[in-house]
């Protein structure tokens with residue numbers, strides 16, 4: 001497990017288009033979230049200890065904003081051949097077991113991860129209503145223990161956007177396992 005941090009954000013960049021199959025049987029595209037004031041795109045996977053440590057917090061976050069104007073999409077871009085625990089069948093199983101309240105899509109070609117500049121799992125990209133990047137940073141200040149969290153960075157950024165403001169807090173990079181790129 002190699003620790004990787006997300007790159008410094010290119011705030012204001014446009015969200016790249018995508019069309020990806022998800023574990024719920026649907027295919028999701030960027031325009032499917034056009035009616036939402038903000039869009040959170042999360043690059044996660046099934047086996048990374050950093051994702052496993054925050055998985056329940058991601059579910060809780062999505063549930064807390066379910067009746068708000070936030071679209072949420074999780075994407076797994078890991079090589080499903082070298083990492084079978086991240087293949088589509090395993091994704092379906094995890095989404096069901098954890099009760100993911102958001103679509104969990106597979107980026108088997110890894111083109112979407114490359115277009116977004118995703119580097120680690122988890123990696124968070126929060127876009128405003130014009131789909132310009134407003135936040136790229138960590139979930140919170142304690143990836144290991146939910147009970148030790150003192151600052152919820154991603155929630156603060158979401159709240160700012162939903163209130164019609166720009167996130168103002170310092171954007172601390174997310175950290176986790178590297179995306180498992182194909183050779």
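Structure notes:
- Qualifying residue in the range 166-181 (condition: surrounded by fewer than 16 Cβ atoms within 10 Å (Cβ to Cβ) and assigned to a helix (DSSP H, G or I)): no
- Residues of the range 30-44 that turn out to be under 11 Å from the mean Cα position of the chain (by Cα) and either without any contact (Cβ under 8 Å) to a residue 40 or more places away in the chain or closer than 18 Å to residue 144 by Cβ (or both), as a count: 1
- Checked against (1) part of a loop (DSSP other than H, G, I, E, B); (2) without any contact (Cβ under 8 Å) to a residue 60 or more places away in the chain; (3) exposed (fewer than 15 other Cβ atoms within 10 Å of the Cβ); (4) on the phi < 0 side of the Ramachandran plot, residue 89 meets all criteria but (1).
- For the range 75-86, the set of residues classified as assigned to a helix (DSSP H, G or I), exposed (fewer than 14 other Cβ atoms within 10 Å of the Cβ) and in contact (Cβ under 8 Å) with a residue 40 or more places away in the chain is empty.
- If you check 54, 59, 72 for being buried (at least 20 other Cβ atoms within 10 Å of the Cβ) and part of a helix (DSSP H, G or I), only one passes: 54.
- Selection count, the range 107-119, where residues are touching a strand residue (DSSP E or B) at 6+ places or on another chain (Cβ under 7 Å) and either over 23 Å from residue 91 (Cα atoms) or surrounded by fewer than 24 Cβ atoms within 10 Å (Cβ to Cβ) (or both): 5
We did not get these values from a lab; they are worked out from the coordinates using the rules stated. Bear in mind the structure is a predicted one, so any value in this text is a computation, not a measurement. Here Cβ is always computed from backbone atoms with ideal geometry, including for glycine, and neighbour counts include all displayed protein chains.
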